[in-house]
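Here the structure comes first, spelled out in structure tokens, and everything after it is commentary.
The values are calculated or read from the model by the stated rules, or taken from the named source; none is laboratory data. All values reported here derive from a predicted model rather than from experimental measurement. All Cβ positions, glycine included, derive from the backbone under ideal geometry; neighbour counts span all protein chains shown.
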Amino acid sequence: MIIAPSILSADLYDLKTDLEKVDEAEWIHIDSMDGQFVPNITFGANIVSAIRPRTTKTLDCHLMIAEPERYVRDFCEAGADVVTIQAESTPHVHRVLQMIKDAGAKAGIAINPGTPVERIQPVLAMVDLVLVMTVNPGFGGQDFLPETVSKITTLAQLREVNEYSYLIEVDGGITHETAPLCKEAGADVLVAGSYIFGAEEPNGRIDQLKQAVK
């Protein structure tokens with residue numbers, strides 16, 4: 001299981017120190033929000049540029065922004081390894097995913113709690129990652145929505161039947177209690193923010209998650 005701490009919950013005043021506290025994680029998750037697609041404003045490609053020279057970890061960028069086609073190249077050029085767009089954010093999903101791939105990054109598609117898996121079935125063959133939001137996006141620290149677990153199961157089944165190669169990522173309300181539910185349903189990557197960075201020992205929380213899904 002890949003653990004991806006979300007810097008949305010990190011101490012931005014001392015981000016370097018907080019990143020050092022999660023050195024047992026494989027990925028770093030970066031949530032970009034524009035105040036339009038979701039009611040919050042966070043990071044742009046500049047934060048990716050700042051982090052990239054300081055880590056060899058996979059930089060996993062989730063763009064919760066309107067018209068992502070305007071920005072995906074900036075994130076790729078800044079050093080993102082994975083760039084994920086929201087299925088609901090553009091009518092040109094296939095085109096934007098291809099833009100990400102052409103720019104040299106892995107392409108991901110995300111769905112909100114109210115969006116069915118059927119919405120993204122036409123692009124599942126081309127994506128490297130599918131992100132299931134288990135909270136409504138915009139703010140950290142929300143409670144896990146158990147009704148979203150069935151989407152993970154459906155995506156795992158579609159992957160097996162069609163021999164797709166995407167990873168299934170889950171973001172929202174991930175703790176040592178909810179992580180096993182996601183693992184059992186078929187998840188490969190778990191994003192956790194406040195659960196990790198809100199602890200005195202963030203690496204200890206990462207270990208808890210890994211133990212919980214064994």
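Some points to look at:
- Boolean, Leu131 is surrounded by fewer than 21 Cβ atoms within 10 Å (Cβ to Cβ), aliphatic (A, V, I, L, M) and within 18 Å of the chain's Cα centre (by Cα): no
- Checking each residue in the stretch 168-209 for being closer than 16 Å to Lys21 by Cα and basic (Lys, Arg) picks out only Arg205.
- A search for C-beta distances below 6 Å between a residue of the stretch 36-57 that is over 18 Å from Val82 (Cβ atoms) and any residue that is small (Gly, Ala, Ser), counting only pairs 6+ apart in sequence or on different chains, returns Gln36/Ala66; Phe37/Ala66; Phe37/Ser89; Val38/Gly138; Pro39/Gly138; Asn40/Gly138; Ile41/Gly35.
- Criterion (basic (Lys, Arg) and either under 20 Å from Glu169 (Cα atoms) or modelled with pLDDT of 95 or more (or both)) met by exactly one of Arg54, Arg70: Arg70
Per-residue answers, yes or no, for (1) more than 15 Å from the chain's Cα centre (by Cα); (2) closer than 18 Å to Gly193 by Cα:
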| residue | (1), (2) |
| --- | --- |
| Ile65 | no, no |
| Pro91 | yes, no |
| Ala107 | no, no |
| Leu124 | yes, no |
| Asp143 | yes, yes |
| Val161 | yes, no |
| Asp171 | no, yes |
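- Among the residues listed as Ala179, Ala187, the single one being touching a strand residue (DSSP E or B) at 6+ places or on another chain (Cβ under 7 Å), farther than 17 Å from Glu24 by Cβ and modelled with pLDDT of 95 or more: Ala187
- Residue within the stretch 92-104 that is outside any helix (DSSP H, G or I), in contact with a helix residue (DSSP H, G or I) (Cβ under 8 Å, 6 or more places away or on another chain) and surrounded by fewer than 16 Cβ atoms within 10 Å (Cβ to Cβ) present: yes
- All positions within the stretch 39-79 that are out of contact with any Ser or Thr (no Cβ under 9 Å at 6 or more places or on another chain) and among the hydrophobic types (A, V, I, L, M, F, W, C): Ile41, Ala50, Ile51, Leu59, Val72, Cys76
- Tally of residues being closer than 23 Å to Glu67 by Cβ and either acidic (Asp, Glu) or touching a Ser or Thr at 6+ places or on another chain (Cβ under 9 Å) (or both) across the stretch 133-151: 1
- Yes/no for Met33 being touching a residue at least 60 places away in the same chain (Cβ under 8 Å), within 25 Å of Ile2 (Cβ to Cβ) and either buried (at least 23 other Cβ atoms within 10 Å of the Cβ) or of a type in the set (Val, Ile, Thr) (or both): no
- Residues in the stretch 111-156 that are in contact (Cβ under 8 Å) with a residue 60 or more places away in the chain and either farther than 24 Å from Glu177 by Cα or in contact with a Leu (Cβ under 6 Å, 6 or more places away or on another chain) (or both): Leu129, Gly140.
- Of the helices (runs of 4 or more DSSP H) lying entirely inside the stretch 149-214, the ones with 3 or more residues being surrounded by fewer than 23 Cβ atoms within 10 Å (Cβ to Cβ) are found at 149-162, 179-185, 202-212.
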